[in-house]
Amino acid sequence: MTRLLGKLLVNLGAAALGLWLAARFITGFEVSFIPQEFALLSITLTLFHIFLRPILKLLFGPLILLTLGSALVLINITILFLLDTVSKSLTIQTITALLLGTLVLSVTNLVAHLIFRFK
């Protein structure tokens with residue numbers, strides 16, 4: 001149970017940090033920094049990563065294999081686009097902002113999981 005809670009907190013922290021970094025450095029990627037809205041946005045992104053990402057990976061498994069993993073970027077783009085669609089506290093204005101935001105969130109997640117490994 002402690003391991004699961006630790007992974008959940010790492011995912012939540014990585015989502016919050018990634019959203020903040022993307023909003024700070026990417027033009028066209030705007031996030032509401034009202035504490036309740038930002039927390040809800042981070043929680044929603046974490047839940048998308050926990051529940052929606054495995055379903056998308058299962059559906060697009062053959063494409064992921066054919067592209068040697070490159071299709072995972074499309075899954076991350078889809079998740080961020082859905083988050084923009086369902087949340088009023090996130091606005092992504094251009095495709096470039098969506099792509100760069102996906103890159104920032106992916107790198108933030110990767111670094112967080114490399115630092116905080118749970119075995």
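So that you can scan it fast, the table gives a plain yes or no per residue for (1) at pLDDT below 95; (2) more than 14 Å from Ser106 (Cβ to Cβ):
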| position | (1), (2) |
| --- | --- |
| Thr44 | no, yes |
| Ile50 | yes, yes |
| Ile55 | no, yes |
| Gly69 | yes, no |
| Val73 | yes, no |
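Being among the polar types (S, T, N, Q) and either in contact with a Pro (Cβ under 7 Å, 6 or more places away or on another chain) or modelled with pLDDT of 95 or more (or both) is a property that holds for Thr102. Condition check for Leu82 on (1) surrounded by fewer than 11 Cβ atoms within 10 Å (Cβ to Cβ); (2) closer than 16 Å to Arg53 by Cβ; (3) modelled with pLDDT of 95 or more: one failure, at (1).
Filtered by the rule that a residue be over 16 Å from the mean Cα position of the chain (by Cα) and either of a type outside the set (Ser, Thr, Tyr) or buried (at least 16 other Cβ atoms within 10 Å of the Cβ) (or both), the stretch 38-77 gives Leu58, Leu59, Phe60, Gly61, Pro62, Leu63, Ile64, Leu65, Leu66, Leu68, Gly69.
Quick one: in the stretch 89-118, which of the residues that are assigned to a loop (DSSP other than H, G, I, E, B) and in contact with a helix residue (DSSP H, G or I) (Cβ under 8 Å, 6 or more places away or on another chain) is surrounded by the fewest Cβ atoms within 10 Å (Cβ to Cβ)?
Among residues in the stretch 89-118 that are assigned to a loop (DSSP other than H, G, I, E, B) and in contact with a helix residue (DSSP H, G or I) (Cβ under 8 Å, 6 or more places away or on another chain), the one surrounded by the fewest Cβ atoms within 10 Å (Cβ to Cβ) is Phe118.
Go through Ala23, Ala39 for me and flag whichever is within 14 Å of Val104 (Cα to Cα), aliphatic (A, V, I, L, M) and at pLDDT 95 or above. Answer to the check: Ala23. Do the conditions hold for Ile55, that is, is it assigned to a helix (DSSP H, G or I) and in contact (Cβ under 8 Å) with a residue 24 or more places away in the chain? So Ile55 fails the test.
Considering only residues in the stretch 5-37 that are among the small types (Gly, Ala, Ser) and not in a helix (DSSP H, G or I), the one that is surrounded by the most Cβ atoms within 10 Å (Cβ to Cβ) turns out to be Ser32.
Would you call Thr96 in contact (Cβ under 8 Å) with a residue 60 or more places away in the chain, hydroxyl-bearing (Ser, Thr, Tyr) and touching a strand residue (DSSP E or B) at 6+ places or on another chain (Cβ under 9 Å)?
Spelling it out, it is not the case that Thr96 is in contact (Cβ under 8 Å) with a residue 60 or more places away in the chain, hydroxyl-bearing (Ser, Thr, Tyr) and touching a strand residue (DSSP E or B) at 6+ places or on another chain (Cβ under 9 Å).
Going through (1) hydroxyl-bearing (Ser, Thr, Tyr); (2) more than 30 Å from Met1 (Cβ to Cβ); (3) under 10 Å from the mean Cα position of the chain (by Cα) one by one, Thr96 falls short only on (3).
Scanning the stretch 66-77 for residues that are assigned to a helix (DSSP H, G or I) and among the small types (Gly, Ala, Ser) turns up at least one hit.
The values are calculated or read from the model by the stated rules, or taken from the named source; none is laboratory data. On a predicted model such as this, the values are computed, not experimentally measured, just so you know. FYI the Cβ positions are ideal-geometry reconstructions off the backbone, even for glycines, and counts take in every protein chain you see.
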